[in-house]
Amino acid sequence: MRQHPGVRGCPKDKATIEHLNRKGPFYWSDGLREEQLVLCCGACNSSRGTKLLTVWFGSIYCLENRIGTATVAEEVRRYLQTEAATL
């Protein structure tokens, strides 16, 4: 991932914050927890949208980029073991 100082929008290689729990909470004041957030590139974040992670892993984007449970960060694998990952 790269820095893009002063660039508007989200280049595909820009670091973004991914909310693993697609249903929220999305704000600290509502109960958002650090373990529900990871850094990912803008392209992956945009590709996932609101899909469940397990559904997203089966998408053309993930298949073409070899993204799956074996290739994601340990934090994501831990999240996949929680009940929130299935909601």
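Structural remarks
- Count of residues meeting criterion [at pLDDT below 95 and more than 14 Å from the chain's Cα centre (by Cα)] in region 31-64: 3
- Residue within region 1-17 that is open to solvent by 90 Å² or more (accessible area, probe 1.4 Å), in contact with an Asp or Glu (Cβ under 6 Å, 6 or more places away or on another chain) and either without any contact (Cβ under 8 Å) to a residue 60 or more places away in the chain or basic (Lys, Arg) (or both) present: yes
- Whichever residue in region 27-60 is of a type in the set (Val, Ile, Thr) and open to solvent by 30 Å² or more (accessible area, probe 1.4 Å) and, among such residues, is farthest from residue 71 (Cα to Cα): 50
- Candidate set from region 61-87 (those that are more than 18 Å from residue 12 (Cβ to Cβ) and among the polar types (S, T, N, Q)); member that is surrounded by the fewest Cβ atoms within 10 Å (Cβ to Cβ): 81
- Among the residues listed as 24, 68, 6, the single one being more than 10 Å from the chain's Cα centre (by Cα), modelled with pLDDT of 95 or more and in a loop (DSSP other than H, G, I, E, B): 68
The values are calculated or read from the model by the stated rules, or taken from the named source; none is laboratory data. Computed from a predicted structure; not experimentally measured. Glycine gets a Cβ as well: all are built from the backbone with ideal geometry, and neighbour counts include every protein chain shown. The area values use the complete protein model at the heavy-atom level, side chains included, leaving out ligands, DNA and RNA. Shrake-Rupley method; radii C 1.70, N 1.55, O 1.52, S 1.80 Å.
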